[in-house]
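To start, I am sharing the structure in question, which I have written as structure tokens.
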Amino acid sequence: MGEPVETIEGWYALHDFRRIDWVRWRSLTPEERARAIDSWDALLASFEAVSPEEGSFGLYTVLGHKADLLLLHFHKEPEALRAREWAVDRSRFGTCLTRPYSYFSVVELSKYLAQGLTEEAARQSLRRRLEPQIPPRAYCCFYPMNKRRQGQDNWYMTSREERRELMKNHGIIGHKYHEEVTQVITGSQGLDDWEWGVTLFSDNPVAIKKLIYEMRFDEASARFADFGPFYLGQRVGRQDLLRLLDLADA
Ligand code: 76R
């Protein structure tokens with residue numbers, strides 16, 4: 001029978017995807033738009049001002065039709081994440097946003113490869129990964145995933161030893177991309193629709209593609225992984241975003 005691996009949880013994560021309702025935005029008067037931009041600027045500034053002891057924030061524009069913006073928050077308190085999503089909903093600019101997707105999860109490290117450490121010792125040494133600052137990389141890729149439960153390919157019926165071996169090989173492939181891609185794995189069992197969220201940061205979208213492609217051939221992914229939708233964000237500064245909005249009817 002399968003036996004769960006111990007996990008260590010860190011900060012909570014909210015991937016808050018928004019779509020801009022351009023028709024509504026253009027229907028605002030210039031004064032309404034200016035006021036909306038001012039308050040939106042102040043709101044984003046308050047997100048950016050989160051103390052590094054408590055959380056982190058990144059702003060991205062999303063390529064393709066699935067969303068326009070990703071507001072990515074990590075925070076130690078789930079209440080703080082709720083306050084942030086409601087602040088967006090209640091803002092003036094929020095009246096021009098819809099919400100095509102969101103994902104709530106918590107940073108998770110499993111102890112497949114770090115056996116023998118007490119929770120406290122592991123927590124100390126892994127603090128940087130449990131409480132992630134958003135790396136200054138140009139791209140962010142997010143997707144949720146499950147481990148498969150199907151016939152012979154049932155992750156949850158494999159022995160812990162077998163999973164440990166599989167995760168070791170998975171880690172070896174991942175580690176080849178250590179310089180180019182930073183990964184944050186969040187667990188969402190019982191919190192959202194899938195079992196994990198994968199968030200990858202890189203300056204090079206092709207490095208993300210190559211990493212994911214290579215992992216598809218690894219047994220942990222080839223036999224056991226099912227994936228949800230993929231989102232690719234480009235990091236933007238607050239000012240860049242405001243400029244894009246301001247130019248919207250140029
Ligand atoms: O935490 C560690 O770095 C140790 C090794 C490791 C574990 C335990 C590791 C390394 N991962 C672990 C756990 Mn991972 N990871 C994914 C995906 O697209 C796919 O095929 C899968 C999505 C990617 C791209 C990725 C990248 N990893 C997990 C788990 C939890 C499994 C469980 O607990 O049952 C999932 C769901 C998952 C999925 N992983 C790495 C990477 C990369 C790049 C690394 C190397 C990190 C580094 O060395 O810098």
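For the range 101-122, give me each residue that is buried (at least 18 other Cβ atoms within 10 Å of the Cβ) and assigned to a strand (DSSP E or B).
Within the range 101-122, TYR101, TYR103, PHE104, SER105, VAL106, VAL107, GLU108, LEU109 meet the criteria.
Tally time: how many residues in the range 82-100 are open to solvent by less than 50 Å² (accessible area, probe 1.4 Å) and either of a type outside the set (Ser, Thr, Tyr) or in contact with a His (Cβ under 9 Å, 6 or more places away or on another chain) (or both)?
The qualifying residues number 9.
Counting residues that are basic (Lys, Arg), which helices (runs of 4 or more DSSP H) fully inside the range 132-235 reach at least 1?
160-175, 205-216
Which one of these is of a type in the set (Asp, Glu) and either touching a residue at least 60 places away in the same chain (Cβ under 8 Å) or under 20 Å from THR7 (Cα atoms) (or both): ASP203, ASP218?
ASP203
Would you kindly identify the strands (runs of 3 or more DSSP E) lying entirely within the range 1-75 that contain at least 3 residues that are under 30 Å from LEU117 (Cα atoms)?
7-20, 69-75
Is it true that some residue in the range 124-136 is surrounded by 15 or more Cβ atoms within 10 Å (Cβ to Cβ), within 19 Å of PHE57 (Cα to Cα), touching a His at 6+ places or on another chain (Cβ under 7 Å) and touching a residue at least 12 places away in the same chain (Cβ under 8 Å)?
No, the range 124-136 has no match at all.
Let me ask something else. For TRP25, state whether it is out of contact with any Ser or Thr (no Cβ under 8 Å at 6 or more places or on another chain), away from the ligand (no atom under 16 Å from the Cβ) and more than 30 Å from TRP196 (Cα to Cα).
yes
Only one of (1) in contact (Cβ under 8 Å) with a residue 40 or more places away in the chain; (2) open to solvent by 20 Å² or more (accessible area, probe 1.4 Å) is not met by PHE224, so which one is it?
Checking PHE224 against (1) in contact (Cβ under 8 Å) with a residue 40 or more places away in the chain; (2) open to solvent by 20 Å² or more (accessible area, probe 1.4 Å), the one that fails is (2).
Okay, next question. Being in contact with a Leu (Cβ under 8 Å, 6 or more places away or on another chain) and among the aliphatic types (A, V, I, L, M) is true for just one of ILE172, ILE185. Which residue is that?
On inspection, the qualifying residue turns out to be ILE185.
When the range 144-153 is examined, which residues are found to be surrounded by fewer than 19 Cβ atoms within 10 Å (Cβ to Cβ) and either in contact with a Gly (Cβ under 6 Å, 6 or more places away or on another chain) or farther than 30 Å from LEU14 by Cβ (or both)?
Matches in the range 144-153: GLN150, GLY151, GLN152, ASP153.
Right, here's the next one. Output the residues belonging to the range 154-190 that are under 23 Å from the mean Cα position of the chain (by Cα), aliphatic (A, V, I, L, M), farther than 20 Å from GLU9 by Cβ and more than 6 Å from the ligand (Cβ to nearest atom).
Selection gives ILE172, ILE173.
The values are calculated or read from the model by the stated rules, or taken from the named source; none is laboratory data. Bear in mind the structure is a predicted one, so any value in this text is a computation, not a measurement. No Cβ is skipped: glycine too gets one built from the backbone with ideal geometry, and neighbour counts run over all protein chains shown. Heads up: the accessible areas ignore ligands, DNA and RNA and are worked out on the full protein's heavy atoms, side chains in. Shrake-Rupley method; radii C 1.70, N 1.55, O 1.52, S 1.80 Å.
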